[in-house]
Every structure is written in C-alpha cells, then in structure tokens.
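Here is the structure we will look at, set down as structure tokens.
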Amino acid sequence: MQILTLITALPGAVAQGLIWGIMAIGVYITFRILDIADLTVDGTMCTGGAVCIMMMLSGHNVWISMLAATLAGMLAGLATGIFHTFMGIPAILAGILTQLSLYSVNLKIMGKANQAINVDKYNLLVSLRHIKNESLSKNTIFIVAVMCILLIAILYWFFGTELGCSLRATGCNPNMSRAQGINTNMNKVLGLMISNGLVGLSSALLAQYQGFADVNMGRGSIVIGLAAVIIGEAIFGRIFRNFALRLLAVIFGSILYYLVLQIVIWMGIDTDLLKMLSAIVVALFLAFPYWKGKYFNKPAKRGGK
C-alpha cells in the first residue's frame, strides 16, 4: 500500500462525491422533507444518463441533453407520484414498480445494455480525464462544485416560497396540512418530481464523467444516497442548522462517503464487498440515534429527585 497511490486517487473520489451529492440531495428531499422512502432512484439513476448519452450521440448540445435527462427523471417521479396518490399504492411499493418499469424503458432508450461516449469526439461537460492539470473552465471538480452551489441556492429559494413551505408542511404533518387547505397529494407528486429530476441530472453528469451509460449503473443508488444524507447529518447536523447548509452537509456526506470508499479500496479490501460495506455503514448511522436514546441518554428524574 503506497500513500502516493491514495493521494493520486483522492481528486477522482471528490469529483464522484460531488456528482453523487446532487443525487443525494434528491434523496434528502423525499427521505427527510416528504418522509417518503422513494426507491425510484435506482431506476432514475440510469434513465438520466441513458437519455443524456443518446441525445449527445444524436448530435444534441450537452446542455439540451442534460435538460432532457432532468425532465426524464421528473417524468419517472411523476409516475411514482401517480402510483402513490391516484392509485393508493404505498410509496415504497410505488417506487419499486416505477424502478422495475424503468429497467425496460432504459433498455429501449439505449437500444442495448451499454452505450459509450468518447470525450475526444463529443463536447462533454465533465470527464474523469479533466480532473488534474486542467483550467477551471474544464476542471470537473470546479464545474460540478459550482453546479452544486447553484442548485442549493435555487432549492433554498424555492423551499422558502409559499409552495415550497407547503411542500415541507406536507412531509412534516400531512393531516394538519390538509386541514389548512393544502393539496398534499399534489405536493407529494411535486416533491417526487423534483427529487427524481435531480437524480436524472446527477445521472447525466455521471454518465459523462465515466464515459458510458449502463442499464445497471443505478443499482444500489438509494443506499449511496442514504449514506450521504446520514453521514452528512451525523457529522454536520449540530453545526449546520440552516436549510441551505443542511443541503450542503448532504454534499459533504457524499464526498466523505467516496473518500472512505477510496481508502477501503486502497487498503486492498475485496471490491465485491463494497455494496455490503455500504449497507452496513448506513445501518450503523441509522441505528446510532436509537442507541444513543436508549443506552446513553439518562432518563430525566421526576419530582426533582
């Protein structure tokens, strides 16, 4: 194990962490704001990349291709929202149904299981080749970091509007929200669309970064998203109270996740075990608040005794 090998690999881990951080923000919107466990993510994380790659291979501009990928993700969220609200299917099952459907959709979009794109032939926004020794206008880390900041600013503004506040109220207390005249079903559909739109955008960036879109590239994405959310909250939760800073904490959580992953690979641990290790990390961070309340916090004394 050479420390230089690890240091060389760290910029790539940061770049991936930033790209997946956009997806993690989408997971945060459903998991924390709407209080919905949305499993559509595993399918949408391929859909956005598939749409983006096929659009670019057809000669479209990279920005138009990324917009199409975002809209495709929003359509996937719309499908889950309709399953959940209009058809009365529980949210987790609705996500599974959409995810299952998207596997076939993604195959139809790409025409086969894998589609590659060459950074030398196409004007990609980001690429794993553009991490080191590049100007800021081409540097992947800088470009994605700016995009993350802009997205956080837009989301901070949106969730401060009347519509955004009603969406947050829907996740916090749906019964009270309905009593106040808020259309909770519409807000759930909107939240799922925004979430999966962000996932589609992240997928488009990831496909460009790695140079291909694969039908299985989204498998296990929900675990990575949850890991980023939980790690970000566990480490920065007491410091970042503002909503925008909480979204930033999710980005930091994603970067830390990939840095730890890179260290694990550097240590020579079998890469076949990475998915299992990710699941264990998420389980431990989810269990920590429960353990803290049950075993470490002393119960309050009654009667001043």
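The values are calculated or read from the model by the stated rules, or taken from the named source; none is laboratory data. The model shown is predicted, which means the values in this text are computed figures rather than measured ones. We place every Cβ from the backbone using ideal geometry, glycine too, and count neighbours over all the protein chains shown. Only protein heavy atoms, including side chains, enter the accessible area calculation; ligands, DNA and RNA are left aside. Shrake-Rupley method; radii C 1.70, N 1.55, O 1.52, S 1.80 Å.
Tabulated results
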read-out: Test: ILE143 is part of a helix (DSSP H, G or I), among the aliphatic types (A, V, I, L, M), modelled with pLDDT under 95 and open to solvent by less than 30 Å² (accessible area, probe 1.4 Å); value: yes
read-out: Segment 146-156 - residue that is open to solvent by 60 Å² or more (accessible area, probe 1.4 Å) and of a type outside the set (Val, Ile, Thr) and, of those, farthest from PHE31 (Cα to Cα); value: LEU150
read-out: Residue count for segment 2-47, restricted to those that are open to solvent by 10 Å² or more (accessible area, probe 1.4 Å), within 22 Å of MET110 (Cβ to Cβ) and either modelled with pLDDT of 95 or more or outside any helix (DSSP H, G or I) (or both); value: 1
read-out: Segment 179-212, residues that are more than 15 Å from CYS148 (Cβ to Cβ), within 17 Å of the chain's Cα centre (by Cα) and of a type in the set (A, V, I, L, M, F, W, C); value: LEU190, LEU192, MET193, ILE194, ALA207
read-out: Of all residues making up segment 210-233, the number that are under 14 Å from ALA69 (Cβ atoms) and open to solvent by 20 Å² or more (accessible area, probe 1.4 Å); value: 1
read-out: Segment 258-277, residues that are closer than 17 Å to ILE3 by Cα, among the aliphatic types (A, V, I, L, M) and surrounded by 14 or more Cβ atoms within 10 Å (Cβ to Cβ); value: LEU259, VAL260, LEU261, ILE263, VAL264, ILE265
read-out: Test result for GLY253, modelled with pLDDT under 90, open to solvent by less than 30 Å² (accessible area, probe 1.4 Å) and either farther than 19 Å from ILE29 by Cβ or in a helix (DSSP H, G or I) (or both); value: no
read-out: Conditions (1) assigned to a helix (DSSP H, G or I); (2) open to solvent by less than 60 Å² (accessible area, probe 1.4 Å); (3) of a type in the set (Gly, Ala, Ser); number of the one not met by SER127; value: (1)
read-out: Condition check for ASN187: farther than 30 Å from LYS108 by Cβ, in contact with a Gly (Cβ under 9 Å, 6 or more places away or on another chain) and at pLDDT 85 or above; value: yes
read-out: Segment 157-187 - residue that is open to solvent by less than 40 Å² (accessible area, probe 1.4 Å) and not hydroxyl-bearing (Ser, Thr, Tyr) and, of those, nearest to GLY81 (Cα to Cα); value: ASN187
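Yes/no per residue for (1) out of contact with any Phe, Trp or Tyr (no Cβ under 7 Å at 6 or more places or on another chain); (2) open to solvent by less than 30 Å² (accessible area, probe 1.4 Å):
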{"residue": "MET56", "(1), (2)": "no, yes"}
{"residue": "MET66", "(1), (2)": "yes, yes"}
{"residue": "ALA76", "(1), (2)": "yes, yes"}
{"residue": "THR85", "(1), (2)": "yes, no"}
{"residue": "GLY88", "(1), (2)": "yes, no"}
{"residue": "ALA91", "(1), (2)": "yes, yes"}
{"residue": "ILE96", "(1), (2)": "yes, no"}
{"residue": "TYR103", "(1), (2)": "yes, no"}
{"residue": "LYS112", "(1), (2)": "yes, no"}
